[in-house]
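The values are calculated or read from the model by the stated rules, or taken from the named source; none is laboratory data. All values derive from a computational prediction rather than experimental measurement. Please note: Cβ atoms are built from the backbone with ideal geometry, for glycine as well, and neighbour counts cover all protein chains shown.
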Ligand code: MRU
């Protein structure tokens with residue numbers, strides 16, 4: 001499908017926007033204390049921003065990746081051959097930043113796909129196609145998540161308490177996120193809900209980002225350290241758990257921010273339904289089960305410190321997987337843009353995907 005550029009435009013409220021040949025991203029490392037944008041002009045600046053989590057969340061990094069590739073093409077200043085070379089180099093560089101989120105590769109594959117048959121195309125046309133494709137990735141992300149937010153309303157009953165982990169709101173995508181945005185929309189529609197937010201160590205995406213989004217939207221919430229979830233469930237305050245996902249396998253096993261698995265097990269122990277909300281583009285149809293997902297390992301410094309303040313011996317041995325796998329057996333349903341997939345997931349995901 002060809003998308004006219006006029007049909008999608010960034011606005012100044014967007015946390016990611018492409019303007020005058022540069023990519024502007026709201027620096028998520030500076031939140032919630034500072035609202036500042038980073039201006040990125042090369043694929044390596046985009047790759048660094050993704051690695052450092054200045055832009056983070058599966059779909060946000062997909063969009064940033066697409067524009068990172070476009071920036072590579074722009075800076076090649078050359079003929080079709082040099083644009084193709086620059087695109088290939090940018091794709092390889094950005095693909096090496098974070099291995100787990102399916103949407104990063106989903107976006108890069110779509111940019112790279114344009115190179116098939118590009119040899120016969122003049123440079124102006126190729127540049128237009130690349131820009132149009134990156135805009136399309138942004139636009140599809142917005143439209144898809146809008147639908148997820150709508151579909152998800154079905155599971156948010158009036159008067160319930162809900163726990164979530166990490167940040168799966170607008171910051172993790174563009175304009176609309178997944179799990180957190182479902183909750184924000186439920187509040188906007190007048191449902192009386194209370195959200196419990198895990199702080200999400202080591203990098204505190206729950207405390208810094210989800211709390212910030214909930215507060216701006218006026219949603220009643222309580223911030224918890226990760227270890228408090230069981231206590232709060234036992235006190236009967238929680239009726240539902242919901243998170244986003246970075247990659248979902250055919251059998252329904254889902255990778256998300258480390259700590260999600262513990263939350264799902266706790267939810268099961270307390271008879272609380274546990275949902276994932278994610279677009280079908282997060283489903284890796286080539287991945288049979290969670291053991292096949294590559295989990296990103298990050299710098300030990302992130303665990304030894306909080307916001308730059310060291311809280312452990314300088315060389316304390318550390319284990320720092322950025323994600324964990326929640327086995328499908330703990331997942332009550334996966335909220336997608338086409339409806340809610342229920343177990344057995346292999347069948348329901350294929351059927352929603354139409355494959
Ligand atoms: O390491 P992060 O902050 O990029 O991890 C993000 C998550 O785990 C989100 O829950 C996930 O990407 C879903 S985004 C709608």
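Just a yes or no: is a residue in region 90-103 within 23 Å of residue 19 (Cα to Cα), in a loop (DSSP other than H, G, I, E, B) and either free of Cβ contacts under 8 Å to residues at least 60 places away in the same chain or not assigned by TED's automatic domain parsing to the domain that holds residue 237 (or both)?
First, the residues of region 90-103 that are within 23 Å of residue 19 (Cα to Cα): 90-91, 93-94, 103.
Okay, now just the ones that are also in a loop (DSSP other than H, G, I, E, B), so none.
No, there is no match, as no residue in region 90-103 is within 23 Å of residue 19 (Cα to Cα), in a loop (DSSP other than H, G, I, E, B) and either free of Cβ contacts under 8 Å to residues at least 60 places away in the same chain or not assigned by TED's automatic domain parsing to the domain that holds residue 237 (or both).
Is there a residue in region 92-109 that is over 21 Å from the mean Cα position of the chain (by Cα) and surrounded by fewer than 20 Cβ atoms within 10 Å (Cβ to Cβ)?
We begin by selecting, within region 92-109, every residue over 21 Å from the mean Cα position of the chain (by Cα); these are none.
Checked against the condition, which is being over 21 Å from the mean Cα position of the chain (by Cα) and surrounded by fewer than 20 Cβ atoms within 10 Å (Cβ to Cβ), region 92-109 yields no hits at all.
If you take the residues of region 152-185 that are closer than 24 Å to residue 56 by Cα and away from the ligand (no atom under 13 Å from the Cβ), which of them is surrounded by the fewest Cβ atoms within 10 Å (Cβ to Cβ)? Walk me through it before giving the result.
Pass one, region 152-185, residues closer than 24 Å to residue 56 by Cα: 152, 162-185.
From what's left, away from the ligand (no atom under 13 Å from the Cβ): 162-163, 185.
Numbers: 162: 26, 163: 27, 185: 20.
Taking the candidates together, the pick is 185.
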Original post:
Inside region 30-51, can you point out the residues that are under 26 Å from residue 92 (Cβ atoms) and over 15 Å from the mean Cα position of the chain (by Cα)?
Top reply: 38, 39, 40, 41, 42, 43, 44, 45, 46, 47, 48
**OP:** Could you please find all residues in region 317-343 being within 16 Å of the ligand (Cβ to nearest atom), assigned to a loop (DSSP other than H, G, I, E, B) and within 12 Å of residue 151 (Cα to Cα)?
**Re:** 337
Original post:
So how many residues does region 282-299 have that are away from the ligand (no atom under 16 Å from the Cβ) and over 30 Å from residue 154 (Cβ atoms)?
Top reply: 2
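Checking the structure you have, find out if any residue of region 320-327 is closer than 18 Å to residue 58 by Cβ, surrounded by fewer than 17 Cβ atoms within 10 Å (Cβ to Cβ) and touching a strand residue (DSSP E or B) at 6+ places or on another chain (Cβ under 8 Å).
Here is the first cut: in region 320-327, the ones closer than 18 Å to residue 58 by Cβ are 321-326.
Among the residues that remain, those that are also surrounded by fewer than 17 Cβ atoms within 10 Å (Cβ to Cβ) are: 321.
From the residues that got through so far, the ones that are touching a strand residue (DSSP E or B) at 6+ places or on another chain (Cβ under 8 Å) too are 321.
So far as region 320-327 goes, yes, one or more of its residues are closer than 18 Å to residue 58 by Cβ, surrounded by fewer than 17 Cβ atoms within 10 Å (Cβ to Cβ) and touching a strand residue (DSSP E or B) at 6+ places or on another chain (Cβ under 8 Å).
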Original post:
Looking only at strands (runs of 3 or more DSSP E) that fall completely inside region 234-273, which ones have 3 or more residues that are within 12 Å of the ligand (Cβ to nearest atom)?
Top reply: 254-257
Original post:
Within region 38-82, can you find the residues that are within 18 Å of residue 125 (Cβ to Cβ), free of Cβ contacts under 8 Å to residues at least 60 places away in the same chain and crowded, with 24+ Cβ neighbours inside 10 Å?
Top reply: 72, 73
Original post:
Looking at 318, 303, 265, which is the one that is touching a residue at least 60 places away in the same chain (Cβ under 8 Å), within 26 Å of residue 50 (Cα to Cα) and not assigned by TED's automatic domain parsing to the domain that holds residue 102?
Top reply: 303
